[in-house]
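S.K.: The structure's right below; bear with me while I get my questions together.
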Amino acid sequence: MKELLNQLRSEFIERLNAIEDTEDLEELRVKYLGKKGLMTEALKGMGKLSKEERPVIGKLANEISDEMKEALVERKEKFQEALLRERLKREIIDISLEKEDIDLGHDHPLIKTMDELEDLFVSMGFKIIAGPEIESVENNFDLLNSPEDHPSRDMSDTFYIDEKTLLRTHTSPVQIRTMKEYGAPIKMVSAGRTFRFDDVDDTHSPMFHQMEGLVVGENISMADLIGTLEIFIKEFLGADMKTRYRPHYFPFTEPSVEVDVTCHSCHGKGCPACGGTGWSMELLGAGMVHPKVLENCGIDSEKYTGFAFGFGVDRITMVKYGIPNIRLLFENDNRFLEQF
Ligand code: FA5
């Protein structure tokens, strides 16, 4: 028995020394030290030994097993070390190499505008609300008091998904969602994409961006609306900007206005860009929230009043940076985008 164990030991060492990789090591371990391995097999003969011999052989078997295990660990560590050394050699970093200049991207001018304006409105106490681009006809038109025969509801003027769903034509349905969810008082802005069947020209795109604002509370007046718009326009476009309020009609506000600002190109003197008027293209619509709209959203119009506004993010960006053509904002030409 003793001889058999010693023989197993020397065979094991011989084989171990011939091994080249870790997988073979595992195979060797199972063959000698596994549950059904050669050492277990050899020890099956223990029962035939005398009482005196048994502890001696048991001790020897344990010693040999421990020795085998240690040898396996040692060998495995050697393999791993060699592998690591090889990898380090392969992955050496040549710090003398010159790196190519990598152009880091930055925000698109429209994202910049929306971020800046959201920060500005948050500083004035407004909440930021998000609304979906795919909207119900009910939120986009019906609850905003838009009559059935309004031209913007026409199938050919709007991207309908089905009879009850469309790509929103403005951000005003977010007013409805917010009032229905939070009730009054409320002070919120919401920016995002809007879609209309408009032909592309220098100031129109079928996909453009709007930012909506809504304030509902007790004693909210037109003066609050004008005060808010004046702060936002002067903060964003410059303190020397003049504003012009023109009476207008929106089904969801009464009274309603449209707002222009000083022409960016000529600063009000009159030039080809503004057709000699000294005023920018139309930037925004606004007004006092129609009592019917408040009631549609479950808000008591006897107790609460509110104002709302919605402006073209693309157009205000054009005014701010003197961009003559809305197409430039969507062509993604790096020579243009790099300038921001
Ligand atoms: C509206 O969309 C109203 N929802 C605005 C509003 C909100 C009024 C709250 C009252 C209260 P309007 O259709 O005028 O209004 O569009 C608002 C702004 O979106 C315009 O002044 C313009 O700056 C921008 N706009 C409209 N159509 C386009 C287009 N095709 N391309 C680029 N900008 C556009």
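S.K.: For the chain, with a Gaussian network of springs between Cα atoms less than 10 Å apart, report the residue from Asp314, Asp94, Asp24 with the top mean-square fluctuation.
M.R.: Asp24
S.K.: Of Leu88, Leu143, Leu214, which is the most mobile in a GNM of the chain whose springs link Cα atoms less than 10 angstrom apart?
M.R.: Largest GNM mean-square fluctuation: Leu88.
S.K.: While we're on this one: Work out Dmax and Rg for the range 107-154 from the C-alpha atoms and quote the Rg first, both in angstrom.
M.R.: Final numbers for Rg and Dmax: 15.5, 41 Å.
S.K.: Using only Cα atoms, tell me the angle between helix 173-182 and the longest principal axis of the chain; keep it within 0 to 90° and round to the nearest 10.
M.R.: Once rounded, the angle reads 70 degrees.
S.K.: Which value, in debye to the nearest 20, gives the size of the charge dipole of the chain about its Cα centre, when Lys and Arg are +1 and Asp and Glu are -1 at the Cβ?
M.R.: Working: 42 positive and 63 negative charges, 286 e Å.
For the chain, the charge dipole is close to 1380 debye.
S.K.: A further question follows. Please name whichever of Leu84, Met46, Met155 sits farthest to the positive end of the charge dipole of the chain, dipole taken about the Cα centre and charges placed at Cβ: Lys and Arg +1, Asp and Glu -1.
M.R.: Met46
S.K.: Turning to a different aspect of this structure: Once amide H atoms are placed 1.01 Å from N in the peptide plane, what residues at a sequence separation of 5 or more from Cys263, or on another chain, have their amide H within under 5 Å of its amide H?
M.R.: It is Gly268, Trp279, Ser280, by chain and number.
S.K.: Quick one: which residues, 5 or more positions from Leu284 or on another chain, have an amide H under 5 Å from its amide H? H modelled 1.01 Å from N in the peptide plane, none for Pro or chain starts.
M.R.: Result for Leu284 returns Val259.
S.K.: A further question on this structure: Taking only Cα atoms, what is the 0 to 90° angle, nearest 10, from helix 2-18's long axis to the longest principal axis of the chain?
M.R.: In the chain, helix 2-18 runs at an angle near 40 degrees to the longest axis.
S.K.: State the number of lysine pairs found in the range 109-337 whose Cα atoms come within less than 28 Å, restricting to pairs 8 or more positions apart or on distinct chains.
M.R.: Lysine pairs meeting both conditions in the range 109-337 amount to 28.
S.K.: What lysines sit close enough to Lys76 to cross-link, taking a C-alpha to C-alpha distance under 24 Å and skipping anything fewer than 8 places away on the same chain?
M.R.: Cross-link targets: Lys31, Lys35, Lys36, Lys89.
S.K.: Taking only C-alpha pairs under 8 Å that are 6+ residues apart, what is the relative contact order of the chain in percent?
M.R.: 14
S.K.: Moving to a separate point now. Karplus couplings for the range 155-166 from phi (6.51 cos²θ - 1.76 cosθ + 1.60, θ = phi - 60°), rounded to Hz, Gly and Pro as x?
M.R.: 3, 7, 9, 9, 8, 7, 8, 8, 5, 10, 9, 8
S.K.: Heavy-atom accessible area of Ile128 with all protein chains present, probe 1.4 Å, nearest 10 Å²?
M.R.: Ile128 exposes around 80 Å² with every protein chain in place.
S.K.: Leaving out ligands, DNA and RNA, what percent of the accessible area of the chain is carbon and sulfur, probe 1.4 Å?
M.R.: The nonpolar share, carbon plus sulfur, comes to 52 percent.
S.K.: Further question: Take the chain, compute every pairwise Cα distance, and split them into 20 Å bins from 0; I just need the percent in each bin.
M.R.: Bins of 20 Å from zero give 23, 32, 8, 16, 18, 3 percent of pairs.
S.K.: If you take every residue apart from Ser265 with its C-beta less than 13 Å away from the C-beta of Ser265, what net charge results, scoring Lys and Arg +1 and Asp and Glu -1?
M.R.: Summing Lys/Arg as +1 and Asp/Glu as -1 gives +1.
S.K.: If you count only protein heavy atoms with a 1.4 Å probe, what accessible area per residue comes out for the range 109-337, rounded to a whole Å²?
M.R.: Numbers: 10660 Å² over 229 residues.
Normalised by residue count, the accessible surface of the range 109-337 is 47 Å².
S.K.: Pull the list of the chain cysteines that no other Cys approaches to under 4.7 Å, Cβ to Cβ.
M.R.: Among the cysteines of the chain, those whose Cβ sits 4.7 Å or more from every other are Cys297.
S.K.: What are the radius of gyration and Dmax of the range 71-193, computed over its Cα atoms and given in Å?
M.R.: 29.1, 90
S.K.: For Lys127, which sequence-distant residues (separation of 5 or more, or a different chain) have an amide H within less than 5 Å of its own amide H, given hydrogens modelled in the peptide plane?
M.R.: Lys187, Met188, Val189
S.K.: Here is a further query. From the helices alone, meaning DSSP H stretches of at least four residues, give me the mean residue ellipticity at 222 nm for the chain, per-run term -39500 (n - 2.57), in deg cm²/dmol to the nearest 500.
M.R.: Using -39500 (n - 2.57) per qualifying helix, the result is -13000 deg cm²/dmol.
S.K.: Related question: Could you give me the ³J(HN,Hα) list for the range 250-266, computed from phi with Karplus coefficients 6.51, -1.76, 1.60 and θ = phi - 60°, whole Hz, x at Gly and Pro?
M.R.: 10, x, 9, 10, 7, x, 10, 9, 10, 10, 10, 10, 3, 4, 5, 6, 10
S.K.: Nearest 10 degrees is fine. How inclined is helix 22-33 to the longest principal axis of the chain, computing both from alpha carbons?
M.R.: The two axes meet at around 50 degrees.
S.K.: Could you grab the Rg to Rh ratio for the range 2-90? Cα atoms only, Kirkwood for Rh.
M.R.: Radius of gyration relative to Kirkwood radius: 1.11.
S.K.: Let me ask another. In the chain, if the dipole is taken from +1 on Lys/Arg beta carbons and -1 on Asp/Glu beta carbons about the Cα centre, which of Leu237, Ala191, Asn145 is farthest to the positive end?
M.R.: In the chain, that residue is Ala191.
The values are calculated or read from the model by the stated rules, or taken from the named source; none is laboratory data. Here the structure is a predicted model, which means the values were calculated and not measured. Note that we place each Cβ from the backbone using ideal geometry, even for glycine, and neighbour counts take in every protein chain shown. Heads up: the accessible areas ignore ligands, DNA and RNA and are worked out on the full protein's heavy atoms, side chains in. Shrake-Rupley method; radii C 1.70, N 1.55, O 1.52, S 1.80 Å.
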